[in-house]
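Comments concern the structure below.
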Amino acid sequence: MAEITVTTKDKVYSVYISQNALSERAERLVSELSRFSHVFVMTDANVAEAHMAKMNDLLAPLEKVTYYVTPAGEGAKTFSVYEDAMTKAIEIGLDRKSVLLAFGGGVIGDLGGFVAATYMRGIAFYQIPTTVLAHDSAVGGKVAINHPLGKNMVGNFYQPEAVIYDTSLLETLSEREMRSGFAELVKHALIQDPALLAELMAAYKTSNDLYTVDLTNYLARGIEIKSEIVSQDETEQGIRAYLNFGHTMGHAIEAYGEFGKWLHGESIMFGMVYALDMSEQVMGLSFDKEALLTWLTGLGYDVRMPANLDFAVLLENMKHDKKTTFNEITMILLEEIGKPKIQKVSDAVIEETFRRVSQEEQE
């Protein structure tokens, strides 16, 4: 089992990743959890159906365990679900010596982490990811819920006690969910590791390969990349923004679809294709983009900008993005593959790129 250390200003913790991480860490985890007065497990309806039995078996030795099950999907990251979870925590008597387990994908990690960060001004929590997407979101301490005007607009930086990533849990994911998460792995390769990108392109040719070719080592490399960046810039004052490659336009598209029409990774893939085009025009990026797009299409991604998007709405969404300051939009662009740069761009460049990408896809 791989162990990756994440070092931040306030906490050092481990990410444990293997195909059987829960079984391999079971005895140690139960011992750690026994120190807490109450274990509050947050999960969603899909994960509960697929994996609740495994969690029940794991936590059987503990006396006080309560489950809270949210709706599946991005719709769980709302004020109403957050309030309901807090109400449940108060009703069952969680105290400051309680612990929360975020058992699910990125949504549960974000929501559960935010509940943990704000309940009684903060209780301990563990990330137990169940999706490919969560290899990115479970590491680094960003926790949040959405606002109708913007994704992750209400949140905090709050690090977990540990991350336990059992990749056997990925087997139950739908093809669409697998691709959504894999998009973040592609992002890590594009911003930091050209060799990883080449390895991914060689190992994964079709969507079926996402199930038959073990992802564990590649996910571990993605986590290492994020850990290296977070360790240098925990609260995104500088280079942590590199991890937002594709996210400025991607989040705008996700909000345009009311956080339901497109999955997070699908939206980010649109955003990365858009950012690559802008990188070519603004930064002089030179690489075989067509080969990348052909590969992505073979994996089942739609790399074309969705039809009939209202640019004015997208621009407004982008200006609500957390990275926008003084009403100036900040993009993460690439000078080379593996060499990102934080770049302020004008509304005119934002629109010009949108029109060019949209036109290219119509031709």
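Tabulated results
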quantity: Residue list for segment 106-149, filter: at negative phi, open to solvent by less than 10 Å² (accessible area, probe 1.4 Å) and part of a loop (DSSP other than H, G, I, E, B); calculated: 123, 130, 132, 138, 139
quantity: Residue 332 vs. criteria of a type in the set (A, V, I, L, M, F, W, C) and outside any helix (DSSP H, G or I); calculated: yes
quantity: Residue list for segment 336-363, filter: modelled with pLDDT under 90 and either polar (S, T, N, Q) or not in a helix (DSSP H, G or I) (or both); calculated: 358, 359, 362, 363
quantity: Verdict on residue 261 being assigned to a strand (DSSP E or B), surrounded by fewer than 15 Cβ atoms within 10 Å (Cβ to Cβ) and either touching an Asp or Glu at 6+ places or on another chain (Cβ under 9 Å) or among the aliphatic types (A, V, I, L, M) (or both); calculated: no
quantity: Near pairs, Cβ below 8 angstrom, 6+ apart or cross-chain, from segment 295-324 (on the phi < 0 side of the Ramachandran plot and among the charged types (D, E, K, R)) to any residue that is part of a helix (DSSP H, G or I) and surrounded by fewer than 17 Cβ atoms within 10 Å (Cβ to Cβ); calculated: 304/361
quantity: Residue list for segment 193-238, filter: open to solvent by 50 Å² or more (accessible area, probe 1.4 Å) and within 23 Å of residue 141 (Cβ to Cβ); calculated: 221, 224, 228, 231, 232, 235, 237
quantity: Helices (runs of 4 or more DSSP H) completely within segment 176-250 that count 1 or more residues being modelled with pLDDT of 95 or more and either within 14 Å of the chain's Cα centre (by Cα) or within 27 Å of residue 278 (Cβ to Cβ) (or both); calculated: 194-203, 216-232
quantity: Residue selected from segment 23-64 under the condition over 27 Å from the mean Cα position of the chain (by Cα) and among the aliphatic types (A, V, I, L, M), by the criterion least open to solvent (accessible area, probe 1.4 Å); calculated: 62
quantity: Residue count for segment 65-100, restricted to those that are open to solvent by 30 Å² or more (accessible area, probe 1.4 Å) and of a type in the set (Val, Ile, Thr); calculated: 6
quantity: Of all residues making up segment 303-329, the number that are surrounded by 15 or more Cβ atoms within 10 Å (Cβ to Cβ) and in a loop (DSSP other than H, G, I, E, B); calculated: 10
quantity: Contacts under 6 angstrom Cβ, first residue in segment 192-212 being closer than 25 Å to residue 242 by Cα, partner open to solvent by 50 Å² or more (accessible area, probe 1.4 Å) and not polar (S, T, N, Q), 6 or more apart; calculated: 196/221
quantity: Segment 170-190: number of residues that are surrounded by 23 or more Cβ atoms within 10 Å (Cβ to Cβ), more than 22 Å from residue 229 (Cβ to Cβ) and in contact (Cβ under 8 Å) with a residue 60 or more places away in the chain; calculated: 1
quantity: Subset of segment 25-47 [of a type in the set (Gly, Ala, Ser) and within 19 Å of residue 111 (Cβ to Cβ)]; calculated: 45
quantity: Residue check for residue 103: surrounded by 18 or more Cβ atoms within 10 Å (Cβ to Cβ), outside any helix (DSSP H, G or I) and not small (Gly, Ala, Ser); calculated: yes
quantity: Sole residue being among the charged types (D, E, K, R) and within 22 Å of residue 54 (Cβ to Cβ), chosen from 177, 224, 199, 184; calculated: 177
quantity: Answer from 72, 116 - the residue that is under 20 Å from residue 136 (Cβ atoms), touching a Pro at 6+ places or on another chain (Cβ under 9 Å) and among the aliphatic types (A, V, I, L, M); calculated: 116
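Yes or no, residue by residue, for (1) touching a Phe, Trp or Tyr at 6+ places or on another chain (Cβ under 6 Å); (2) farther than 18 Å from residue 258 by Cα:
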site: 86; (1), (2): no, yes
site: 101; (1), (2): yes, yes
site: 116; (1), (2): yes, yes
site: 123; (1), (2): no, yes
site: 128; (1), (2): yes, yes
site: 134; (1), (2): no, yes
site: 137; (1), (2): no, yes
site: 143; (1), (2): yes, yes
site: 151; (1), (2): no, no
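The values are calculated or read from the model by the stated rules, or taken from the named source; none is laboratory data. Note that the structure is a prediction, hence the values are computed from the model and not measured. Every residue, glycine among them, receives a Cβ derived from its backbone with ideal geometry; neighbour counts consider all protein chains shown. Accessible surface is based on the protein model in full, side chains and every heavy atom, while ligands, DNA and RNA are left aside. Shrake-Rupley method; radii C 1.70, N 1.55, O 1.52, S 1.80 Å.
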